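Written out below as structure tokens is the structure these notes cover.
The values are calculated or read from the model by the stated rules, or taken from the named source; none is laboratory data. As the structure is a computational prediction, the values presented were derived from the model and not from experiment. Note that each Cβ is placed from the backbone with ideal geometry, even for glycine, and that neighbours are counted across all protein chains shown. Accessible surface is based on the protein model in full, side chains and every heavy atom, while ligands, DNA and RNA are left aside. Shrake-Rupley method; radii C 1.70, N 1.55, O 1.52, S 1.80 Å.
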Amino acid sequence: MKDNIVTAVDDALLLMMLLGEKNNLGLSELARLSGMNKSKVYRLLCTLEHRDFVQKNDNPVTYHLGHQLLSLGNCARQQINYIQVADIEAEHLRQLFDENIQLRIRDHHEILQVLHKASGQSLQVRSEAGNRRPLGSGASGRVLLAYAPTTVQAPFVEKNASLTKSLDEIRARGFAITRGDLTAGIGAIAAPIFSQQGECIAALSISLPLSRFSDEKEHNMTEQLLQATQRISRQLGYHL
């Protein structure tokens, strides 16, 4: 991969990343932060300015990101589909653990499964894309309820006041675990996926028979699941 990198392009991208971290940097400061000489930095800035990726301010002369990046950012958001992004991570988890992986979204007071990666083991959880469950049921349902607007949570809490504490705990941990709660003999772990606006748009989960759900496996799967959902969220523009 590194053998194919074009140094000038890589250096120009570094300058834009530096300007993204701190606005209105001068030539000398950009040279210092990038480790490049001022002559090279100046030529790169002139090129980026020509394409409206950076803009120059006068008195004093500094640089900031240009409007072309706004246009590209909007294009990127339109092209990145959360299911496509999640599909890669779901397949990675399936290969890692050989257990069922599901992606579910909230649809009013139900949850809808939109992606499914099946385990290759003979004893597995039967689940297909398109199935629906009541919101709040199972690990994914609990995660989606925990991060839903308070107006959505209200009727559930009215029926069960103790639910508030459970939802608070899920948000504090960042995931939910169930063991035989929805289906006897089945366990699951679910974690939220966030949009650029910080809205929970989906839950990614791993489900498996309790006979394989050891404490060690629970720890490993939770760690890998959280890393996967964080990577998906970052690709969708969400930043902690």
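Given the conditions (1) out of contact with any Pro (no Cβ under 7 Å at 6 or more places or on another chain); (2) part of a helix (DSSP H, G or I), and given that V143 satisfies all but one, which numbered condition is not satisfied?
For V143, the failing item is (1).
Could you list, in sequence order, all residues of the range 72-111 that are among the polar types (S, T, N, Q) and either surrounded by 12 or more Cβ atoms within 10 Å (Cβ to Cβ) or at pLDDT below 95 (or both)? Outline the logic, then answer.
If we filter the range 72-111 for residues that are among the polar types (S, T, N, Q), which is where we start, we get 74, 78-79, 81, 84, 95, 100, 102.
Matches in the range 72-111: N74, Q78, Q79, N81, Q84, N100, Q102.
State whether the residues of the range 35-50 include one that is under 24 Å from G198 (Cα atoms), open to solvent by 40 Å² or more (accessible area, probe 1.4 Å) and either modelled with pLDDT under 95 or not aliphatic (A, V, I, L, M) (or both).
So in the range 35-50, the residues under 24 Å from G198 (Cα atoms) come out as none.
Within the range 35-50 (the criterion being under 24 Å from G198 (Cα atoms), open to solvent by 40 Å² or more (accessible area, probe 1.4 Å) and either modelled with pLDDT under 95 or not aliphatic (A, V, I, L, M) (or both)), the answer is no, since none of the residues qualifies.
Cβ-Cβ under 7 Å, sequence separation 6+ or interchain: first residue in the range 94-112 and free of Cβ contacts under 8 Å to residues at least 24 places away in the same chain, partner open to solvent by 40 Å² or more (accessible area, probe 1.4 Å) and of a type outside the set (A, V, I, L, M). Which pairs?
Taking only residues 6 or more apart or on different chains, the pairs are D98/G120; D98/Q121; L112/R132.
Looking at E29, E89, E49, which is the one that is acidic (D, E) and in contact (Cβ under 8 Å) with a residue 40 or more places away in the chain? Quick ask: steps written out before the conclusion?
Working: E29 fails: in contact (Cβ under 8 Å) with a residue 40 or more places away in the chain; E49 fails: in contact (Cβ under 8 Å) with a residue 40 or more places away in the chain.
Just one listed residue meets the conditions, E89.
Answer yes if at least one residue in the range 129-140 is assigned to a strand (DSSP E or B) and either modelled with pLDDT of 90 or more or surrounded by 13 or more Cβ atoms within 10 Å (Cβ to Cβ) (or both), and no otherwise.
Initial filter on the range 129-140 (assigned to a strand (DSSP E or B)): 132-134.
Now drop any that are not either modelled with pLDDT of 90 or more or surrounded by 13 or more Cβ atoms within 10 Å (Cβ to Cβ) (or both), which leaves 133-134.
Checking the range 129-140: at least one residue is assigned to a strand (DSSP E or B) and either modelled with pLDDT of 90 or more or surrounded by 13 or more Cβ atoms within 10 Å (Cβ to Cβ) (or both).
Check V152, V143 and return the single one that is open to solvent by less than 10 Å² (accessible area, probe 1.4 Å), of a type outside the set (D, E) and either without any contact (Cβ under 8 Å) to a residue 60 or more places away in the chain or over 19 Å from Q124 (Cα atoms) (or both).
Values: V152 fails: open to solvent by less than 10 Å² (accessible area, probe 1.4 Å).
On inspection, the qualifying residue turns out to be V143.
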